[in-house]
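One structure below.
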Amino acid sequence: MSGPSKYQPTSAIGKWFHERLPIVAFAKDHAMDFPTPKNLNYWWTFGGILAVMLVVQIITGVVLVMHYTPHVDLAFASVEHIMRDVNYGWLMRYLHMNGASMFFIAVYIHMFRGMYYGSYKAPREVLWMIGVIIYLIMMATAFMGYVLPWGQMSFWGAKVITNLFSAIPFVGDYVTTWLWGGYSVDNPTLNRFFSLHYLLPFVLAGIVFLHIWALHVPGNNNPTGISVKGPQDTVPFHPYYTMKDGFAIVVFFIFYGLFVFYGPNYLGDAVNYVPANPLSTPAHIKPEWYYLPFYAILRSIPDKLFGVLAMFSSILILLFLPWLDTSRVRSGKYRPIFKLEFWVFAAVCVALGFIGSRPPDPTYVMWGQILTVYYFGHFIILLPLMGLLETPKPLPSSISDDVLAKSAMAK
Amino acid sequence: MSKRESFGSICPTFDEGEAIVSAAVENDVNRRDFLFLATGAVAGVGAALTAWPFIYQMNPDAAVLALASIEVDLSSVAEGQEVILKWRGNPVFVRHRGQAEIDAAKAVKMGDLKDPVARNANIKDGLDATDENRVVGGKEQFLIMMAVCTHLGCVPLGDSGEFAVVQGNTKTGGWFCPCHGSQYDTAGRIRKGPAPQNLAVPPYKYLSDTKIQIG
């Protein structure tokens with residue numbers, strides 16, 4: 001936020017309050033007056049969509065907890081009770097269940113937008129890294145939530161994921177026993193996952209606050225990637241972006257609603273409607289769609305420890321992205337080679353997701369390996385090299401000039 | 001900036017006066033610094049000690065540790081049959097092997113094994129993973145082991161995989177893990193895929209010729 005606050009309390013009580021807690025000024029400065037680049041496109045609305053989805057998940061989650069029982073003998077039945085007996089229980093659960101998927105759709109678009117427009121580059125490295133941490137916590141939260149209905153996929157997903165930690169040399173077995181509170185995934189595991197699943201969204205809300213704080217120090221990146229040079233490049237957040245984000249949220253809710261009302265189980269796995277059985281693994285176990293690319297990477301490596309390391313590195317490498325990309329031009333719009341490679345990378349991520357959904361047959365495993373090599377090659381080889389080798393296109397002199405040039409062309 | 005340069009005014013404040021005294025006595029490190037560090041260290045150790053119960057409470061509780069052992073009557077398991085029992089929350093395979101499975105397991109050279117260690121809780125640690133060392137009391141026909149894939153804990157499928165004994169169209173013995181494709185031979189030893197170890201043999205003993213106690 002540049003310049004002094006524009007908030008001037010008018011009433012006596014407003015003035016009295018402002019001198020004691022300037023929260024209204026804070027809200028006005030950051031949610032209304034905040035100078036925002038005037039050329040943000042719809043890819044920039046996913047931040048707001050994500051904030052709304054977090055609120056939706058918390059509200060529907062709090063309601064579900066009023067009817068759910070976290071016990072191995074009762075959990076599955078209590079979820080069915082929510083579906084059949086509780087007033088609007090089906091709606092709350094389908095909103096929550098599909099809300100998780102919508103949350104991930106939005107976060108993936110948000111992340112790829114950041115990658116395409118170089119939003120992770122200086123001075124926004126910390127903003128990006130906080131975002132990666134949010135993503136990690138989201139994954140942990142969603143995983144633990146998926147365990148709660150105690151279906152077959154809940155149980156075996158929990159078993160496989162917690163077993164990842166048994167790959168840690170020497171202490172792996174102690175770590176898994178500690179995580180489980182027993183010798184296998186069982187009632188203590190379900191109870192602690194329930195506790196943490198309730199806690200973590202509030203932790204997320206706190207970190208989201210830091211994310212927005214880190215955003216409001218340099219301000220938003222924008223499709224040109226060039227920095228704001230003055231007031232002519234910006235518009236106040238309200239009403240311009242409250243309206244644009246609001247419209248995007250409504251459209252996103254229509255998309256969300258289509259799943260909730262017309263295909264509530266489309267994104268889930270039918271096997272999770274079978275109660276958990278610790279004695280029998282389903283023939284084909286796979287995680288929820290949003291983990292599939294990482295699952296494919298895990299399976300590509302025929303060694304337990306290295307497979308697990310590769311999977312965790314494939315996410316943690318994002319923390320280093322600001323330093324792996326050597327190009328000083330932020331926006332992919334002005335980077336002819338990167339622009340093509342970006343879409344290849346995006347396709348590789350989707351293809352990895354497809355491989356992750358298939359059984360571990362040799363052909364799929366081989367393709368998984370090729371794609372895994374490309375995934376890491378993108379970060380470790382291609383990004384540093386492209387920045388050095390490619391000649392970027394000329395950048396516009398300012399955001400304002402770029403906008404005016406476009407509208408002149410349109411005429 | 002050294003303390004002496006800060007004498008802007010003729011009359012030093014109380015803080016400045018105190019700083020002059022301690023700086024004169026002990027140069028840079030004074031008693032107060034020591035007290036700060038010592039207090040901080042005590043607080044840090046206290047915090048770490050307090051954290052421990054909060055971390056340790058997640059380990060298996062007394063009810064989980066008070067494990068009932070289970071008894072199994074092997075006479076009800078026919079040759080070629082495999083039953084899955086639950087012990088300590090985990091599935092256990094009890095397999096009555098046929099001669100062909102035992103012969104196939106014995107024919108394997110130690111050098112071909114991915115994990116050459118027996119992984120048998122009933123014998124000394126680190127012994128070779130020979131077929132004999134995978135069972136207890138020389139009763140080769142009964143292979144008893146955890147039905148927990150050593151990769152990520154799924155239950156492997158019996159009578160399947162590349163290391164089963166093939167007779168015509170049927171496979172006997174051998175296990176295949178449906179999760180990530182690990183393959184175990186007719187003695188439950190890992191032969192192919194991401195799993196690092198042979199299927200673990202739990203502690204068990206023969207109570208009579210046909211009865212065992214696991215745990």
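At-a-glance table
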quantity: Lone unmet requirement of (1) within 14 Å of chain B (Cβ to nearest Cβ); (2) modelled with pLDDT of 95 or more; (3) surrounded by 21 or more Cβ atoms within 10 Å (Cβ to Cβ) for A:Arg335; calculated: (1)
quantity: Some residue of region A:230-246 being touching a Phe, Trp or Tyr at 6+ places or on another chain (Cβ under 6 Å) and at pLDDT 95 or above; calculated: yes
quantity: Residue in region B:161-177 that is among the small types (Gly, Ala, Ser), surrounded by 24 or more Cβ atoms within 10 Å (Cβ to Cβ) and within 12 Å of chain A (Cβ to nearest Cβ) present; calculated: no
quantity: Contacts under 8 angstrom Cβ, first residue in region B:193-215 being farther than 17 Å from B:Val117 by Cα, partner surrounded by fewer than 19 Cβ atoms within 10 Å (Cβ to Cβ) and among the basic types (Lys, Arg), 6 or more apart; calculated: B:Tyr206/B:Lys139; B:Ile212/B:Lys205; B:Gln213/B:Lys205
quantity: Test: residue in region A:163-180 that is more than 13 Å from chain B (Cβ to nearest Cβ) and under 23 Å from the mean Cα position of the chain (by Cα); calculated: no
quantity: Options A:Asn272, A:Asn220; residue that is of a type in the set (S, T, N, Q), under 21 Å from A:Gly131 (Cβ atoms), touching a residue at least 40 places away in the same chain (Cβ under 8 Å) and touching a strand residue (DSSP E or B) at 6+ places or on another chain (Cβ under 6 Å); calculated: A:Asn220
quantity: Filter result (part of a helix (DSSP H, G or I) and of a type in the set (Gly, Ala, Ser)) within region A:351-407; calculated: A:Ala351, A:Gly353, A:Gly356, A:Ser357, A:Gly368, A:Gly377, A:Gly387, A:Ser400, A:Ala405, A:Ser407
quantity: Residues that are basic (Lys, Arg), within 14 Å of chain A (Cβ to nearest Cβ) and without any contact (Cβ under 8 Å) to a residue 24 or more places away in the chain, drawn from region B:83-123; calculated: B:Lys86
quantity: Residues of region A:116-129 that turn out to be in a helix (DSSP H, G or I) and surrounded by fewer than 20 Cβ atoms within 10 Å (Cβ to Cβ), as a count; calculated: 3
quantity: Search result, residues across region A:181-204 that are at the interface with chain B (Cβ under 8 Å from one of its Cβ atoms) and either assigned to a helix (DSSP H, G or I) or surrounded by fewer than 17 Cβ atoms within 10 Å (Cβ to Cβ) (or both); calculated: A:Pro188, A:Arg192
quantity: Single residue of region B:131-153 satisfying the filter (part of a loop (DSSP other than H, G, I, E, B) and within 14 Å of chain A (Cβ to nearest Cβ)) that is farthest from B:Gly98 (Cα to Cα); calculated: B:Leu152
quantity: Meets criteria (hydroxyl-bearing (Ser, Thr, Tyr), away from every other protein chain (no Cβ under 14 Å) and over 19 Å from B:Gln183 (Cα atoms)) for B:Ser75; calculated: yes
quantity: Any hit, region A:74-81, residues being surrounded by 17 or more Cβ atoms within 10 Å (Cβ to Cβ), in contact with a Leu (Cβ under 7 Å, 6 or more places away or on another chain) and small (Gly, Ala, Ser); calculated: yes
quantity: Set A:Val348, A:Val329: member being outside any helix (DSSP H, G or I), buried (at least 17 other Cβ atoms within 10 Å of the Cβ), among the β-branched types (Val, Ile, Thr) and modelled with pLDDT of 95 or more; calculated: A:Val329
quantity: Filter result (farther than 21 Å from A:Tyr68 by Cβ, modelled with pLDDT under 95 and of a type in the set (Gly, Ala, Ser)) within region A:128-170; calculated: A:Ser166, A:Ala167
quantity: Some residue of region A:220-235 being more than 24 Å from the chain's Cα centre (by Cα) and within 14 Å of chain B (Cβ to nearest Cβ); calculated: no
quantity: Filter result for the condition that a residue is of a type in the set (A, V, I, L, M) and in contact with a helix residue (DSSP H, G or I) (Cβ under 8 Å, 6 or more places away or on another chain), over A:Ala12, A:Ala77, A:Ala25; calculated: A:Ala25
quantity: Tally of residues being β-branched (Val, Ile, Thr), within 20 Å of A:Phe104 (Cα to Cα) and touching a helix residue (DSSP H, G or I) at 6+ places or on another chain (Cβ under 8 Å) across region A:56-74; calculated: 3
quantity: Residue selected from region A:27-54 under the condition hydrophobic (A, V, I, L, M, F, W, C) and closer than 23 Å to A:Leu404 by Cα, by the criterion surrounded by the most Cβ atoms within 10 Å (Cβ to Cβ); calculated: A:Trp44
quantity: Residue match in region A:280-291 (condition: buried (at least 16 other Cβ atoms within 10 Å of the Cβ), within 14 Å of chain B (Cβ to nearest Cβ), modelled with pLDDT of 95 or more and within 26 Å of A:Tyr108 (Cβ to Cβ)); calculated: yes
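The values are calculated or read from the model by the stated rules, or taken from the named source; none is laboratory data. Only a predicted model underlies this, so the values are computations on that prediction, with no experimental measurement involved. Using ideal geometry, Cβ is built from the backbone for each residue, glycine included, and neighbour counts are taken over all protein chains shown.
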